[in-house]
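S.K.: Dumping the structure here so I can ask a few things about it.
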Amino acid sequence: MLKTKFCKIALENPLFLAAGVLGSNASSLNWALESGAGGVVTKSFSKNPNEGYKNPTTVAVEGGIINAIGLSNPGVEVFKEELKRINSSKENGIFASIYGSTPLEFSEIAGEIEEFVDAIELNISCPHAMCGYGSSIGENPDLTYEFVKAVKDNVSIPVIAKLTPNVTDITKIAIASEKAGADGVTLINSLGPGMKIDISTAKPILSNKFGGMSGPAIKPIAIKSVFDVYKSVEIPIMGVGGISNYLDVVEFLYAGASVVQIGTSIMDHGLEIFSRISKDLENFMKDNDLNSIDEIVGLVHKGGFQ
Ligand SMILES: Cc1cc2nc3c(=O)[nH]c(=O)nc-3n(C[C@H](O)[C@H](O)[C@H](O)COP(=O)(O)O)c2cc1C
């Protein structure tokens, strides 16, 4: 009942692990798949190794967390070996998240790993400084077009652009992605940046001072982004931001997401969240006479239940 497709990739269910939460090696990606994820997105990696920021890199706030990990990763040569060790016996989507500083760098990384994954997600939307060029790409439609096109020209597997909510009109960025040939878009990367100050020391808590917000507090912004983008482009949407239960998933599907990703709430609920949401989603569909995920996608745009 939950089986679906995203960019023609067959999936057991529409629930993905979001980039950056676990997903930095083969064993954690395999663990997510064994726990019932329909797909996984790796932690974002770059051409060269990147140490990221010093601790503390995450802090809990009302409604979620703020993180400034700084996209730490061992670089594509090492990450490629991890990708080779991912076991996907079921119908799963294995998506690699990559980032870089130039269109050429993105396209070279993509070319190196395309044979090991089903799709590539372009992180052009990271909101913290060490990768400041990340969101500065995704805030500009022309740059977005240029970066997406460079990758599309170099690989034959689906390319998904992951967009930032930190813009005046996200539909312009989604349209630029589609024009450049993107096969899908992921909405949204973390929001902000935001900041938390320690009351006793009167200093910012994060070593980077500020970071991206994620978790339940950002869900309404993610839902509105999906709602708007669904009306503006033909390519499918991966919805992400604040999902912690099946009702959140249903809301994203209603707004127009074809599949969803789950990040921050895995820190609170563990990877069992995938099997729990799958079971609850299936019961919801039975109770509402819904036979497929496709029937739910974009329902709000079709006037809701009649
Ligand atoms: C600790 C942490 C690390 C993240 N790292 C990445 C990353 O490497 N690449 C990326 O595209 N997004 C990254 N994100 C953003 C998530 O993939 C997701 O877009 C965002 O957190 C909203 O979803 P959530 O509320 O379910 O966490 C990270 C988020 C968190 C909390």
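S.K.: May I ask you to list pairs of residues, at least six apart or on different chains, whose Cβ atoms are under 8 Å apart, with the first in segment 160-174 being over 15 Å from Ser214 (Cβ atoms) and the second being surrounded by fewer than 24 Cβ atoms within 10 Å (Cβ to Cβ) and among the basic types (Lys, Arg)?
M.R.: Partner pairs satisfying both residue conditions: Thr171/Lys231.
S.K.: Report whether or not Phe6 is open to solvent by less than 20 Å² (accessible area, probe 1.4 Å), touching a residue at least 24 places away in the same chain (Cβ under 8 Å) and away from the ligand (no atom under 15 Å from the Cβ).
M.R.: yes
S.K.: Among the helices (runs of 4 or more DSSP H) contained in segment 181-290, which hold 1 or more residues that are open to solvent by 50 Å² or more (accessible area, probe 1.4 Å) and of a type in the set (S, T, N, Q)?
M.R.: 273-287
S.K.: Take the conditions touching a residue at least 24 places away in the same chain (Cβ under 8 Å), among the β-branched types (Val, Ile, Thr) and open to solvent by 60 Å² or more (accessible area, probe 1.4 Å) and apply them to Thr58. Does it pass?
M.R.: Considered against the rule, which asks whether it is touching a residue at least 24 places away in the same chain (Cβ under 8 Å), among the β-branched types (Val, Ile, Thr) and open to solvent by 60 Å² or more (accessible area, probe 1.4 Å), Thr58 comes out as yes.
S.K.: So if I check each of Ser27, Ser46, Ser35, which one is of a type outside the set (Val, Ile, Thr) and within 13 Å of the ligand (Cβ to nearest atom)?
M.R.: When all the criteria are applied, what remains is Ser46.
S.K.: Then there is this: Any idea how many residues of segment 60-99 are in a loop (DSSP other than H, G, I, E, B), more than 11 Å from the ligand (Cβ to nearest atom) and farther than 15 Å from Thr42 by Cβ?
M.R.: 4
S.K.: Now for a different question. What number of residues within segment 291-306 are open to solvent by 40 Å² or more (accessible area, probe 1.4 Å), in a helix (DSSP H, G or I) and out of contact with any Ser or Thr (no Cβ under 8 Å at 6 or more places or on another chain)?
M.R.: The total comes to 4.
S.K.: Go through segment 141-180 and give me each residue that's open to solvent by 30 Å² or more (accessible area, probe 1.4 Å), among the hydrophobic types (A, V, I, L, M, F, W, C) and part of a helix (DSSP H, G or I).
M.R.: Leu143, Ile175
S.K.: Another one. Does any residue in segment 232-255 that is within 11 Å of the ligand (Cβ to nearest atom) come within less than 8 Å, Cβ to Cβ, of a residue that is of a type in the set (Lys, Arg) and in a helix (DSSP H, G or I) six or more places away or on a different chain, and which pairs are these?
M.R.: Gly241/Lys219; Gly242/Lys219; Ile243/Lys219; Asp248/Lys219
The values are calculated or read from the model by the stated rules, or taken from the named source; none is laboratory data. Small disclaimer: the values here were computed from a predicted structure and weren't measured. Methodologically, a virtual Cβ is constructed for each residue, glycine included, from the backbone with ideal geometry; neighbour enumeration extends over all protein chains shown. Surface accessibility is based on the protein's heavy atoms, side chains included, excluding ligands, DNA and RNA. Shrake-Rupley method; radii C 1.70, N 1.55, O 1.52, S 1.80 Å.
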